[in-house]
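Novice: What follows is a structure written as structure tokens; I'll ask about it next.
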């Protein structure tokens, strides 16, 4: 079975406040996240971890978590350098097909990704369910959005079944006061220009 998750931030006490997590201490959060992970992930399962694993004590947590792990590192994963032997693979971007579904995996959310126009889904972390809402066939697999546990591909399929692909077409017309037009299906809205003249 394949699972996906991100942004556990083990041993990061401030993440409790930043993300309004329902824990009173880092120790309580660590214990709950490990229990949640191991309640769904078996030792023979594969977990795609999309970054921001832990604040410190990385090896302690890696040893306690079930499953083969593939790491797509985030910006808080410097402590994992030297611990790559715990992972089957470490790569900043992963394009993979699992059970017939093309996936593009990255810690960071992208508005465009390889294969989007051919049905590929983009799964990411980083945003903790805020800042940049998921769009179309894109989903934040971080623990803050998904009941503090890894998601199976079956669960992600159920989420995606209720999401509509909103293909965007960006058109920059320099003769139209330098404004950028973003077309969503049948709607066109004008947004402030991002390009300097």
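None of the figures in this text is laboratory data; all of them are computed from the coordinates on show. Just so it is clear, the structure is predicted and the values come from calculations on it, not from any experiment. Here Cβ is always computed from backbone atoms with ideal geometry, including for glycine, and neighbour counts include all displayed protein chains.
Novice: Cα centroid distance between the stretch 6-75 and the stretch 78-155, in Å?
Specialist: First find each Cα centre; the distance between them is then 15 Å.
Novice: By how many nm would the segment from residue 81 to residue 147 lengthen if fully extended, with 0.36 nm per residue of separation less the alpha-carbon distance? Don't skip to the answer; put the middle values down first.
Specialist: Working: separation 66, 0.36 × 66 = 23.76 nm, distance 2.83 nm.
Result: 20.9 nm gained on full extension.
Novice: Between residue 27 and residue 108, how many nm apart are label points set 7 Å from Cα along the C-beta direction?
Specialist: 3.8
Novice: Residue 91 versus residue 157, label points 7 Å from Cα toward the beta carbon: distance in nm?
Specialist: In this crude spin-label approximation the distance works out to 2.3 nm.
Novice: Would you mind ranking 152, 127 so that the residue whose beta carbon has the fewest other beta carbons within 10 Å leads the list?
Specialist: 152, 127
Novice: Run through every distinct alpha carbon pair of the stretch 56-145 and return the Kirkwood hydrodynamic radius in angstroms, one decimal place. Walk me through the numbers on the way to the answer.
Specialist: Numbers: mean 1/r = 0.0701 Å⁻¹.
Value: 14.3 Å, from the Cα pair sum.
Novice: Given labels modelled 7 Å from the Cα in the Cβ direction, how far is it in nm from residue 68 to residue 101?
Specialist: With each label point 7 Å from Cα toward Cβ, the separation is 2.0 nm.
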